[in-house]
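Working notes for the structure below.
The values are calculated or read from the model by the stated rules, or taken from the named source; none is laboratory data. These numbers were taken from a predicted model, which means no experiment stands behind them. Because the Cβ atoms are built from the backbone with ideal geometry, glycine has one as well, and the counts that use them run over all protein chains shown. Ligands, DNA and RNA are stripped out before the accessible areas are found, and what is left, the full protein with its side chains, is counted by its heavy atoms. Shrake-Rupley method; radii C 1.70, N 1.55, O 1.52, S 1.80 Å.
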Amino acid sequence: MKHLLSPLDLSGEELDRLLTLASDIAVCPGRYSECCKGRKLATLFYEPSTRTRLSFEAAMLNLGGSVLGFSSADSSSASKGESVADTIRVISCYADICAMRHPKEGAPLVASLNSSIPVINAGDGGHQHPTQTLTDLMTIKELKGSFDDLTIGLCGDLKFGRTVHSLIESLVRYKNVRFVLISPNELRVPGYIRDDVLKAGGHEFCEVEKLEDAIPDLDILYMTRVQRERFFNEEEYMRMKGFYILDNAKMELAKKDMIVLHPLPRVNEISVEVDKDPRAAYFKQVQFGVYVRMALILTLLEVELPC
Ligand code: NCD
C-alpha cells in the first residue's frame, strides 16, 4: 500500500501523472464527482490548520466521498495519552484513507507503519509538508508552464518552514533550477537540505540576507511566515518577525512575469497592497490545492478513472 510521507515517495513519473490528473480535474471537475462514492477520508489534525484540512475535506467531498476526523489534539484521545500507533489502528477500521498533521516530526511515518489504510503526511513539525508541495508544483506548472530553467527565491523562515524543505527536495529533480535562499542567519535552511540535498546533488544555490538584492533575478518568489510556534523564546520570534515585508516598492524591482507564492497563512510578510498585483498568485495556489488533493486521493485509493 502506498503512503505519502515525503514528496519523494512519488517517482518523477508518478508525480507527472498526478499533476496531469490534477490539471484535468481543474478543467472538468464534474467528471470526477462520483469517483469516491462510499469512500471515507479521516482527517487527523493534532495541530491547527485551515487550508490543509479543509482542502482535504473539500477534495473528498468533491469526489463524492465522506469525511470524518478531529481538528485538534485536545478533542482526540491523544489528550488521554493514546499513542499515534493505536489511534491509526482504530481509524483504519473507520476510514479508507487518512491525512495526518502532527507537531512531532515522523509521527505520520509511525502511523503508516501501523496502518492498513494509506496515510498522507499533512505536515509533521518543522520537517515536511508534501501536499503543500504538490500544490506549489501544480501552481508553478499552471502559471509558468514548466519547472526547468527557473530561478526560485525562498524567503523567510527556511529553518522551520516545512513547506520549503519539501519544495526544495522536489524541485531538484528538474533541470537547471537555481535556488536563492533568502533568510536571516538564524533561520537558514537545515543542514540536511543544504548539504545532503543541494550540495550533494550539485545544484546551484546561494544564501543571501537581503530580499531587495535577490528579487530582480527571480522567476518565482516563495514567501513564508516566521513559524512562531516552533521558536523556543518569544523575544527571538519578535526580533525575526518583521525581517521581511514584501511590498509594492520591492515588487517594482522584480521581473514583470515573476510570480509570488506563499503557502499561507500570511502574517505580515506580504503587505496586503501586493494582493492586487497580477503577479500575486497565493490565492490561486489555494484553489490548485483542492485539485491536487483530489488527484492524490484518487491515486492512493487506486480508483479507476472515468474515461
Ligand atoms: C503551512 C504549514 O502548515 O506548514 N501552511 C499550510 O499548510 N498551507 C505554512 C505555515 O503554517 O506557515
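At-a-glance table
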item	result
Verdict on Ser23 being in a helix (DSSP H, G or I) and farther than 20 Å from Ser166 by Cα	yes
Selection status of Phe288, surrounded by fewer than 19 Cβ atoms within 10 Å (Cβ to Cβ), at pLDDT 95 or above and outside any loop (DSSP other than H, G, I, E, B)	no
Hey, Pro278 open to solvent by 60 Å² or more (accessible area, probe 1.4 Å), at pLDDT 95 or above and not aromatic (Phe, Trp, Tyr) or not	yes
Test: residue in the range 35-48 that is within 29 Å of Phe283 (Cβ to Cβ), among the acidic types (Asp, Glu) and surrounded by 15 or more Cβ atoms within 10 Å (Cβ to Cβ)	yes
Looking only at the range 50-63, and only at residues there that are out of contact with any strand residue (DSSP E or B) (no Cβ under 6 Å at 6 or more places or on another chain) and open to solvent by less than 30 Å² (accessible area, probe 1.4 Å), the one that is nearest to Gln132 (Cα to Cα)	Ser55
Residue match in the range 169-182 (condition: more than 27 Å from Leu109 (Cβ to Cβ), more than 15 Å from the ligand (Cβ to nearest atom) and in contact (Cβ under 8 Å) with a residue 40 or more places away in the chain)	yes
Residue check for Ile168: closer than 16 Å to Gly126 by Cβ and crowded, with 24+ Cβ neighbours inside 10 Å	yes
Selection count, the range 3-20, where residues are surrounded by 14 or more Cβ atoms within 10 Å (Cβ to Cβ) and within 20 Å of Ala122 (Cα to Cα)	11
Residue within the range 186-208 that is modelled with pLDDT under 95, assigned to a helix (DSSP H, G or I) and more than 28 Å from Gly289 (Cα to Cα) present	yes
Filter pass, Phe160 being surrounded by 15 or more Cβ atoms within 10 Å (Cβ to Cβ), within 16 Å of the ligand (Cβ to nearest atom) and either outside any loop (DSSP other than H, G, I, E, B) or not polar (S, T, N, Q) (or both)	yes
Subset of the range 227-278 (residues that are more than 24 Å from Leu134 (Cβ to Cβ), within 16 Å of the ligand (Cβ to nearest atom) and charged (D, E, K, R))	Arg228, Lys241
Segments classed as helices (runs of 4 or more DSSP H), wholly inside the range 34-143, with at least 3 members that are within 12 Å of the ligand (Cβ to nearest atom)	51-62
Tally, over the range 175-202, of residues that are surrounded by fewer than 16 Cβ atoms within 10 Å (Cβ to Cβ) and over 15 Å from Gly126 (Cβ atoms)	9
Those residues of the range 226-268 which are assigned to a helix (DSSP H, G or I), under 22 Å from Ala214 (Cα atoms), open to solvent by 50 Å² or more (accessible area, probe 1.4 Å) and in contact (Cβ under 8 Å) with a residue 24 or more places away in the chain, in sequence order	Lys241, Asn248
